[in-house]
Amino acid sequence: MSDTTGQPGPQEPSLDEQIAAYQREFRDLDPQVEQVVSALGRLNRRMNVAYGRQLATLGISNAEWEVLKTLVLNGAPYRLGPGELAKRLGLTPAAMTHRIDRMAGEGLVTRDRDETNRVRVIVELTDEGRTKWLEAMRMATAFEGDLLQDLAPEERGVLGDMLIRVLRRVEHAQPDAGGRLTDLD
């Protein structure tokens, strides 16, 4: 960590130090649960920073990546209405409009009237947007392979299965948590 002067800031405590402090203050803490949850939280933060840096080298933001990914996941011809995009990303229509405006200006998507329903607008991935998505995927694949290099293939499978079980429990308990609580842009 650095402060605004570029000097290293205070170091984050190790997981063991964090858990020991939590146990000191809250005796009912299960250290095994806290170790897993804290490690996942730290891993998520660090991976988001790494992905953000990769996207920045491509000239796109994480918010733009989310739109590109959503269009690709929808399948060819990589088109959706702004309302459906907003819904899938957990954004307000206003935030989605702002994001689409920016991305259209950068040539990543187009926004045109639907030929069959002139009232409806369609957002479509451009060749430039697809190229950026593919390059981001190449970079992410290399990063993720490096991230998991110390795990044998069977360990990766077991870890993936365990994380999916935890994810399903969270999704069941918090079915509305897939979207954003607040708009990010």
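The values are calculated or read from the model by the stated rules, or taken from the named source; none is laboratory data. This one's a predicted model, so the numbers in the text were calculated from it and none came from an experiment. Don't worry about glycine lacking a Cβ; one is built from the backbone with ideal geometry, like all the others, and counts go over all protein chains shown. The area values use the complete protein model at the heavy-atom level, side chains included, leaving out ligands, DNA and RNA. Shrake-Rupley method; radii C 1.70, N 1.55, O 1.52, S 1.80 Å.
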Can you tell me, using C-alpha contacts under 8 Å and at least 6 residues apart, the relative contact order of the chain as a whole percent? 18 percent
With every protein chain present, what is the per residue accessible area of the chain (1.4 Å probe, Å²)? 69 Å²
At a 1.4 Å probe radius, carbon and sulfur cover how many percent of the accessible area of the range 91-144? 53 percent
So how do 67-74, 39-46 stack up, highest first, on mean other-Cβ count within 10 Å? 67-74, 39-46
If every Lys and Arg gets +1 and every Asp and Glu gets -1 at its Cβ, then about the Cα centre the range 1-153 yields a dipole, in debye to the nearest 20, of 620 debye
Consider the candidate values [x] 1, 8, 17, 21, 21, 16, 9, 4, 1, 1, 0; [y] 1, 7, 12, 14, 13, 11, 10, 9, 8, 6, 3, 2, 1, 1, 0, 0, 0; [z] 1, 6, 11, 14, 15, 16, 14, 10, 7, 4, 2, 1, 0; state which one is P(r) over Cα pairs in 5 Å bins from 0, in percent computed from the structure displayed. [z]
Taking only DSSP H segments of four or more residues, each worth -39500 (n - 2.57), what value at 222 nm results for the chain once the sum is divided by all its residues, to the nearest 500 deg cm²/dmol? -20500 deg cm²/dmol
Of Val158, Gln32, Ile122, whose Cα points farthest to the positive end of the dipole of the chain (charges on the beta-carbon: +1 Lys, Arg; -1 Asp, Glu; origin at the Cα centre)? Ile122
Considering the options Leu80, Pro13, Leu147, tell which one lies farthest towards the positive end of the dipole of the chain, charges being +1 on Lys and Arg and -1 on Asp and Glu at the Cβ, about the Cα centre. Leu80
What is the range 100-185 by shape, rounded, prolate or oblate, if you read a ≥ b ≥ c off the alpha carbon gyration tensor as root eigenvalues and call it rounded for a/c under 1.5, prolate for a/b larger than b/c, and oblate otherwise? oblate
Rg/Rh for the range 43-113 to two decimals, with Rh computed the Kirkwood way over all alpha-carbon pairs. 0.98
